[in-house]
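A short write-up of the structure that comes next.
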Amino acid sequence: MSTGIGQIRSARHAARLFGSLFILTSLTTTAQAQAFWESWSWRTSGLLRTELAIKTNSTENRFNAFGNEFNRTPVTIRPGNPFTGFSDVASSDDIEQGFLDTADLPIDLSAIPVVDGTLPLEREALRSTPSPSSTFNYAITRLEPSLEVQFTRALRLRVRARLLYDFGSQLYENFDPRDFPEPLPGGADPQLSRSSPNYQSYRVEARSGRMEGGWRNNPFLFEWSGSDYFIDFPALFLEYNQGPFQIRAGNMQIAWGQALFFRTMDIANGLDTRRHLIIGRGLEEFADERVPAPAVRVGYQLSRVWEVDAFAQQFRPTIFPNPNTPFNLITHEFTVHDQYLRGGYDKKVNYGIRLQGQWGQWGVQFMAAHRHNPNGAFRWTASQVNRALPNSNVLGASFNQYCEAVLGSPVGEGCGPQLAQVPLDFGPLGSAMDAAGVQSAHQWFTGAQNARLGGIDALNVLIEEFPVAQDLFAQTVDNKEDAIRQIDAFAYAGESIRGHIDREYHSENIFGVGASYVLQLAPTNFFNQTIFNLEVSYAPDRVFTDTGLRQSFLTDDDWSISFVAENWHRFTPAFPGTYMVFQYKFRPTSDLFGRHLSGMGSEGSPAGGPTVVAPDDPGTGSGNAQYIVLAAEQPFPGRVWETAFAMLIDVRGGIFIQPGIRWNPGRNLQFDLFYNFLEGSAWGTRSENIISTFDFAEEAVIRATWQF
Amino acid sequence: MRIRKYDFSYSRRLLMEQAAKGFMGAGVLAPFWPLMAKAENLDDIVFKTWPIENISIEENTKGKISEGDTVDASNVEHVKHLLDPITHTQISEMGRRIKIGKPTTNVELLYPHAYLEATLRNAGKAEFDAERNVREKGTGGPWIGGNPFPDPETPEEAIVNITLSWGRHNWAEYGIRDFSIDPNGRIAYQYDFVWYEQNVTSRTDRQVFRGWKDRLRHNTALFTHPTENDGTSFLSIWGYDQNSFPDLYGYVPAFRRVRQFPTDQRFEPLVPGITLFLSDAWGAGDPMWTWGNYKIIDRGPVLAPINGNLWSKNDNWEIPKHGGPQGNTFQDTTWEMVPEAILVEAEPVGYPRSPVGKRHVWIDRRNGVFCGYITYDRRGDMWKSFEASLGPRQDGDFFVPDPDNPDRPLWTWGECHIHDVQAERMTLLAHVEKIRGHEGSRWNLPDEDDAYERFLTRTAIARLGAA
């Protein structure tokens, strides 16, 4: 309801604004004003584009229910004994005796069916979710109309809208929790967890709170989105230009820096990955991904050498794909509580200033910015889900009785009041929780590895920072075996576990410096006219997600260094010059996605499949992240055909190769065909490179564009 | 009845004989430039300088072709000796038709007003320095406007007349409608773009823009249509030194930012399907000493499109088309006799990987602008022609006024044909009244500072880029 009211309010504001303008125009009748109106000119243009990505590998997205590595793969869980610090496997007798000894509480397990003469305390965790083979990763049609109104030579309005329809509900293999006899219990955003995937909405926690109904769609002004549609205005601003001075005010994207794709100095906007993640046509960089936001941007050409550029812009975060959508990157067993609205981050302003100088072969730039990191940082948060453990198993029934008898839970609520204070919620098998939760320690550790977290670390932090867990006999551990037995105990008791994490945004300062140089050699030299760019950025005390999802996060200085060499070279007179670019990036603290390197390097999980051995915690992490980009574009004569090739190498063992071809047949048509080859296990440790995070997305992409 | 004194090739033979003896001055009957420099009435100089066979198409073709006739495949052989080979092929084999107009004998109509004044005022004041750049004699400063060598004695002097001032206005911006025709004769691409050029030095107002004596010009090509290319732009900052390459920047909409480009990639199509290269601009699109081995290989009368190429009665001054497989390949044009042109050959010595092996530029002796242009590939085969109508902007009684003398028609270009004969692609440029995203062409602005900031800086092209 709040969503609808918000939209109505926005619409009213807009209506008032345009109404005022209309009245103003109607009342203005002087000859001068008439001349002003007559001096207006305007034009429209646009494009209509269909994009289709056909999946070419058999690996489903492991962050989704359908792609979970444990689907139809049984894992035996043997709960540890909470009364011995989980140092050994428990039996039902151990449990009964333990509660009697520690709380003088006789446990009634008469409702638990006896199997082979005993009360079972071991189970084969078997996710019954299928892993259907998807045909399409991406199928959308977009319309992007543009309008430009020139009021005077100095003042103009620029508008570009983006209207997109996602054919996901018709073409993708969609996980739908409603296929289960029982729906997913409460606690998660119903629009993201109780129906078929939501492809295009950006959902955040409402200002008022998180409980059911407390979620908000479209927190951005100038954006309207639903499950399968998306409308926004990447450009909607007024621009005034007088001599060397210019100012823009309105909704806009801002791109800084020269290094393509690496974003060393491109710090103004987060990325919207709802549309094809970041694996669209490589040479188009992030033009479609940068999140537009209301801003004021001012530029001034100080001299023929120096120019200064500054902005102040509403903070908007990077937007990740929603759970169970083809490019989802956050494991679906997490409920993410995005605090963008509730934390008041929508009222924060990023601002920055850049000074650029260019003389002859040399160029320099200096940058300083204050912003909220759009990636955000995640940490455990209390689930606030008051739901008892299932009474259908020995552990669940025992704990529920303990909570009511000893910890003061109202009768019938079992451990619900206690569990509401820890960052987990539990649900019975047979419901949608079967597919939506973690059922074993092995799944816990594998999920942690995929998310670049530490399985033990996350367990210990949960227990330390949410002390209610200790009331339920949870205790920190110092080895994987104890951790496995403890997690298996909770998985047995709760049957299926979901985690709750907050996403918060932290302010930071970023400083950058860059230099460019155009090499002048003999005209015959291959390297003649090669353009070199070096960019360095430094963010002191940047806040990262801690590998244990600690409340205090992880703070570290973050450096990013990029080196770029670009060259156009004509290999043969018959063809236009070939554009070639080499890029190298060094990051000593975080990876290309902004994840702290301490989460990298977990050993023990084979690529793309369930593991019989729970992965280790990452230990000390990987020492640094290094990336190499090799890209080239070769137009054919007349540029009617253009071939392109881009390759991103993560030196830790990942490769992303994108060959492509573009056809410009004329008559305002354009066709692109490219292939995304992804290998996250080329060499080294799989969990140390970024490609392994999305190497399920291998695909062939077709794009057809009509411009008008 | 006028008695023909010479046959049609007499003057060509005479002019080449004079060239062989080192006499390069324009004119057959009398030297053109001395008459020009002294004359109070520029109307009749042409008649005093060249024989009627160089001026009248009827005389030149022995009555086979007259003013008002249309040259097509049926009669093109009568004017073959006056046409470049690509134009001849267009007419004889591709269905092109050209109308023959009255020759422009009033030399005033062949210059912008201020440029003619500067040429006359500054005659004899130019010299090449040790770096082979044109300097004002006595001061050593950059050139002070007009043609530095109004009566060129060498091919280099003829080329530098074009290079130092392309459009012959201190400031010019042209709204250009582009039709790029594919080998099947269809309009495959239609672009709108604006071409801005500003002379920093070599200006007719005796000024040096902002005192920047080390620069020659600023030039931006800004595409405004279609959407994919909207905001694509190329900014060239030319140094005054003609041995150096211009700095080249581009705004690439996909990148949302200004990128620096290597400057020796001047032989690339700017956008898909177009056959125009930066190197082709005005017949001398590169700094002149990045080319070399200049030589004059022919002199004589030619046909060229000059006057009568403004279609002011058509909506938006659009130019009718004809010919080719779909009736779209050529624009309707009017051509006329140029009494004497020199044909200069040059090679791209500064571009060892250039696909161009050499180029031929025909230069009108009366005003020093190009009136024909053909490039050859590295094998020596003909590759492209670049034809532009350069003349007074008038159509009957209607004319676009010269900003410095509103009583006279403006001199500028009207249309271009850029024909890649190897790929069989044609690019037609039409200087129309307005294009999408631009309010119409302008010249010699009162507030050039503001316009410079608005269109000719890196900040400007970032702002002009698509949002």
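How many of the residues in region B:446-467 are surrounded by fewer than 18 Cβ atoms within 10 Å (Cβ to Cβ) and more than 8 Å from every other protein chain (Cβ to nearest Cβ)?
Residues that pass the stated criteria total 2.
Of all residues being closer than 22 Å to B:I296 by Cβ and under 24 Å from the mean Cα position of the chain (by Cα) in region B:32-49, which is modelled with the lowest pLDDT? Just the residue, please.
Only one residue fits best here, namely B:M36.
If A:F286 satisfies every condition in (1) in a loop (DSSP other than H, G, I, E, B); (2) more than 14 Å from chain B (Cβ to nearest Cβ) but one, which is the exception?
(2)
Pull up region B:94-108, narrow it to residues that are surrounded by fewer than 22 Cβ atoms within 10 Å (Cβ to Cβ) and not in a loop (DSSP other than H, G, I, E, B), then point me to the one that is farthest from the chain's Cα centre (by Cα).
That would be B:K99.
Output the residues belonging to region A:109-157 that are farther than 25 Å from A:A697 by Cβ, more than 14 Å from chain B (Cβ to nearest Cβ) and not hydrophobic (A, V, I, L, M, F, W, C).
A:S110, A:P113, A:D116, A:G117, A:T118, A:P120, A:E122, A:R123, A:E124, A:S128 - these are the residues of region A:109-157 that are farther than 25 Å from A:A697 by Cβ, more than 14 Å from chain B (Cβ to nearest Cβ) and not hydrophobic (A, V, I, L, M, F, W, C).
Name the residue, out of B:L278, B:L310, B:L303, B:L270, that is farther than 18 Å from B:F386 by Cβ and under 19 Å from the mean Cα position of the chain (by Cα).
Just one listed residue meets the conditions, B:L310.
Output the residue which, of all residues in region A:579-613 that are touching a helix residue (DSSP H, G or I) at 6+ places or on another chain (Cβ under 7 Å) and more than 30 Å from A:I531 (Cα to Cα), is modelled with the lowest pLDDT.
A:A607
Could you tell me whether any residue of region B:322-330 is in a strand (DSSP E or B) and away from chain A (no Cβ under 11 Å)?
There is at least one residue in region B:322-330 that is in a strand (DSSP E or B) and away from chain A (no Cβ under 11 Å).
From (1) assigned to a loop (DSSP other than H, G, I, E, B); (2) buried (at least 22 other Cβ atoms within 10 Å of the Cβ); (3) within 14 Å of chain B (Cβ to nearest Cβ); (4) not basic (K, R), pick out the condition that doesn't hold for A:N251.
(1)
Within region A:571-598, restricting attention to residues that are of a type in the set (F, W, Y) and farther than 30 Å from A:D457 by Cα, which residue is surrounded by the fewest Cβ atoms within 10 Å (Cβ to Cβ)?
Looking at residues that are of a type in the set (F, W, Y) and farther than 30 Å from A:D457 by Cα, I get A:F571.
Given the structure, is A:F511 within 12 Å of chain B (Cβ to nearest Cβ), more than 27 Å from A:A458 (Cβ to Cβ) and of a type in the set (F, W, Y)?
No.
Output the number of the condition that A:L462 fails; it satisfies all remaining conditions of (1) surrounded by fewer than 24 Cβ atoms within 10 Å (Cβ to Cβ); (2) not charged (D, E, K, R); (3) not in a helix (DSSP H, G or I).
The single condition A:L462 does not satisfy is (3).
Hey, any hits in region B:342-359 for a residue that's within 28 Å of B:I45 (Cβ to Cβ) and in contact with a Pro (Cβ under 6 Å, 6 or more places away or on another chain)?
Yes, that holds for at least one residue.
May I ask you to list the residues in region B:220-270 that are assigned to a loop (DSSP other than H, G, I, E, B), more than 9 Å from chain A (Cβ to nearest Cβ) and either touching an Asp or Glu at 6+ places or on another chain (Cβ under 9 Å) or of a type in the set (K, R) (or both)?
Listed by number, the residues that qualify are B:Y240, B:D241, B:Q242, B:N243, B:P246, B:R266.
Within region B:413-434, can one find any residue that is of a type in the set (K, R), assigned to a strand (DSSP E or B) and at the interface with another protein chain (Cβ under 10 Å from one of its Cβ atoms)?
Checking region B:413-434: at least one residue is of a type in the set (K, R), assigned to a strand (DSSP E or B) and at the interface with another protein chain (Cβ under 10 Å from one of its Cβ atoms).
For region A:111-129, what are the residues that are of a type outside the set (A, V, I, L, M) and within 20 Å of A:E495 (Cβ to Cβ)?
Correct list: A:P113, A:T118, A:P120, A:E122, A:R123, A:E124, A:R127, A:S128, A:T129.
Can you say whether A:Q361 is over 30 Å from A:L549 (Cα atoms), buried (at least 21 other Cβ atoms within 10 Å of the Cβ) and within 14 Å of chain B (Cβ to nearest Cβ), as far as the supplied structure shows?
Considered against the rule, which asks whether it is over 30 Å from A:L549 (Cα atoms), buried (at least 21 other Cβ atoms within 10 Å of the Cβ) and within 14 Å of chain B (Cβ to nearest Cβ), A:Q361 comes out as no.
Does any residue of region A:269-279 turn out to be touching a helix residue (DSSP H, G or I) at 6+ places or on another chain (Cβ under 7 Å), closer than 23 Å to A:R342 by Cβ, among the charged types (D, E, K, R) and in contact (Cβ under 8 Å) with a residue 40 or more places away in the chain?
Within region A:269-279 (the criterion being touching a helix residue (DSSP H, G or I) at 6+ places or on another chain (Cβ under 7 Å), closer than 23 Å to A:R342 by Cβ, among the charged types (D, E, K, R) and in contact (Cβ under 8 Å) with a residue 40 or more places away in the chain), the answer is no, since none of the residues qualifies.
Are any of the residues in region B:290-299 within 14 Å of chain A (Cβ to nearest Cβ), assigned to a loop (DSSP other than H, G, I, E, B) and buried (at least 20 other Cβ atoms within 10 Å of the Cβ)?
The answer is yes; a qualifying residue exists.
Taking B:P305 as the residue in question, decide whether it is touching a strand residue (DSSP E or B) at 6+ places or on another chain (Cβ under 8 Å), within 14 Å of chain A (Cβ to nearest Cβ) and crowded, with 21+ Cβ neighbours inside 10 Å.
Criteria not met by B:P305.
State yes or no: is A:T73 within 14 Å of chain B (Cβ to nearest Cβ), in contact (Cβ under 8 Å) with a residue 60 or more places away in the chain and part of a loop (DSSP other than H, G, I, E, B)?
No: the conditions fail for A:T73.
Exactly one condition in (1) within 23 Å of B:D182 (Cβ to Cβ); (2) modelled with pLDDT under 90; (3) of a type in the set (S, T, Y) is false for A:T643; which is it?
Failing condition for A:T643: (2).
Please verify whether region A:485-504 includes one or more residues that are without any contact (Cβ under 8 Å) to a residue 60 or more places away in the chain, more than 14 Å from chain B (Cβ to nearest Cβ), surrounded by 16 or more Cβ atoms within 10 Å (Cβ to Cβ) and under 28 Å from A:F445 (Cβ atoms).
yes
Of the residues that make up region A:204-212, is at least one within 11 Å of chain B (Cβ to nearest Cβ) and surrounded by fewer than 23 Cβ atoms within 10 Å (Cβ to Cβ)?
Checking region A:204-212: not a single residue is within 11 Å of chain B (Cβ to nearest Cβ) and surrounded by fewer than 23 Cβ atoms within 10 Å (Cβ to Cβ).
Only one residue in A:L238, A:L277 is over 16 Å from B:T459 (Cα atoms), more than 10 Å from chain B (Cβ to nearest Cβ), at pLDDT 90 or above and in a loop (DSSP other than H, G, I, E, B). Which one?
A:L277
Hand me the list of strands (runs of 3 or more DSSP E) wholly inside region A:81-184 holding 3 or more residues that are buried (at least 19 other Cβ atoms within 10 Å of the Cβ).
Where strands (runs of 3 or more DSSP E) fall fully within region A:81-184 and carry at least 3 residues being buried (at least 19 other Cβ atoms within 10 Å of the Cβ), they are A:136-150, A:155-166.
Answer yes or no as to whether A:D309 is within 8 Å of chain B (Cβ to nearest Cβ) and either under 30 Å from A:Y172 (Cβ atoms) or in a strand (DSSP E or B) (or both).
yes
What number of residues within region A:370-418 satisfy the criterion of being touching a Gly at 6+ places or on another chain (Cβ under 8 Å) and of a type in the set (A, V, I, L, M, F, W, C)?
6
Would you call A:N525 closer than 30 Å to A:F571 by Cβ and without any contact (Cβ under 8 Å) to a residue 40 or more places away in the chain?
The answer is yes for A:N525.
The values are calculated or read from the model by the stated rules, or taken from the named source; none is laboratory data. All values reported here derive from a predicted model rather than from experimental measurement. Note that each Cβ is placed from the backbone with ideal geometry, even for glycine, and that neighbours are counted across all protein chains shown.
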